[in-house]
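Engineer: First the structure, then my questions, so here it is.
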Amino acid sequence: MKKDYIENMPAGKEMDEMVAEKVMGWHKGTLTFSDGSTLSGKEDWLDAEGRYMHGMKQEDGWYEDDEDFHLLHWHPSESILWAWEVVEKMQDKFSFVLSSDDPPTDDEHKWYCEFYLKDNPVFIDHEVYAPTASLAICRVALLIVMGI
C-alpha cells in the first residue's frame with residue numbers, strides 16, 4: 001500500500017478496520033462464553049488474547065437510529081471519541097500534535113496532525129492534513145505503523 005493511498009483514504013469502514021488491525025493490534029472475532037453463547041452474534045473487535053474490545057460498525061443498518069451508536073461501535077476515522085483511543089495507543093513511543101490553525105485552510109485540509117518519536121523530537125515521522133481531526137489521527141497512525 002502506498003503513502004498517497006493512506007493520505008487520501010476517506011473515513012469509513014476500510015480505514016477503521018485497518019486502524020483496528022494494524023494500529024490497535026485487534027482482530028475480528030465472535031466473543032463466545034463458556035456456555036456457548038455469544039456477546040452479539042456478530043463479529044466484534046477482539047484483542048490478541050481474545051478479549052472483547054469494541055462493537056464493529058455493521059453494514060445491515062441496524063445501528064443507524066441507535067442513540068448510543070457513537071458509544072457502542074468503534075469507528076475512529078469518523079468519531080473523535082474513538083480517535084483519542086488511537087492517540088493513547090501511540091503515546092508510549094510518540095508525541096502528538098493536532099492543529100486546525102496551520103495552512104492550508106480549505107475544507108479538505110482543515111486539520112493537521114503529526115506524530116514524532118519522543119526520543120527524537122526534532123524529527124517528524126509523519127504529518128498529514130485531513131478534513132476532520134479524527135481522520136487526520138487515523139491517517140498518520142497508519143502511516144507510522146505500516147512504515148510507509
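The values are calculated or read from the model by the stated rules, or taken from the named source; none is laboratory data. Treat the numbers as computed from the prediction; the structure is a model and nothing was measured. Heads up, the Cβs are rebuilt from the backbone with ideal geometry, glycines too, and the neighbour counts pull from every protein chain shown.
Engineer: Being exposed (fewer than 14 other Cβ atoms within 10 Å of the Cβ), under 18 Å from the mean Cα position of the chain (by Cα) and of a type in the set (A, V, I, L, M, F, W, C): is that true of A48 here?
Structural biologist: Working: exposed (fewer than 14 other Cβ atoms within 10 Å of the Cβ): yes; under 18 Å from the mean Cα position of the chain (by Cα): yes; of a type in the set (A, V, I, L, M, F, W, C): yes.
Judged against the criteria, A48 is a match.
Engineer: If you check A141, A130, which single one turns out to be within 22 Å of G25 (Cβ to Cβ), surrounded by 17 or more Cβ atoms within 10 Å (Cβ to Cβ) and modelled with pLDDT of 90 or more? Full working, then the answer.
Structural biologist: On the way: A130 fails: within 22 Å of G25 (Cβ to Cβ).
Matching residue, one of A141, A130: A141.
Engineer: May I ask you to list the residues in the stretch 11-31 that are farther than 16 Å from A130 by Cβ, modelled with pLDDT of 90 or more, out of contact with any Phe, Trp or Tyr (no Cβ under 9 Å at 6 or more places or on another chain) and assigned to a loop (DSSP other than H, G, I, E, B)?
Structural biologist: G25
Engineer: Hey, can you tell me all the residues within the stretch 44-103 that are modelled with pLDDT of 55 or more, charged (D, E, K, R) and within 18 Å of L142 (Cβ to Cβ)?
Structural biologist: So the first thing to find is which residues in the stretch 44-103 are modelled with pLDDT of 55 or more, and the list is 44-56, 72-103.
If we keep only those that are charged (D, E, K, R) as well, we get 44, 47, 49, 51, 78, 85, 88-89, 92-93, 101-102.
E78, E85, E88, K89, D92, K93 - these are the residues of the stretch 44-103 that are modelled with pLDDT of 55 or more, charged (D, E, K, R) and within 18 Å of L142 (Cβ to Cβ).
Engineer: A further question follows. Considering only residues that are over 17 Å from W82 (Cβ atoms) and out of contact with any strand residue (DSSP E or B) (no Cβ under 9 Å at 6 or more places or on another chain), which ones fall in the stretch 6-46?
Structural biologist: Once the filter is applied, which keeps residues that are over 17 Å from W82 (Cβ atoms) and out of contact with any strand residue (DSSP E or B) (no Cβ under 9 Å at 6 or more places or on another chain), the stretch 6-46 yields N8, F33, S34, D35, G36, S37, G41.
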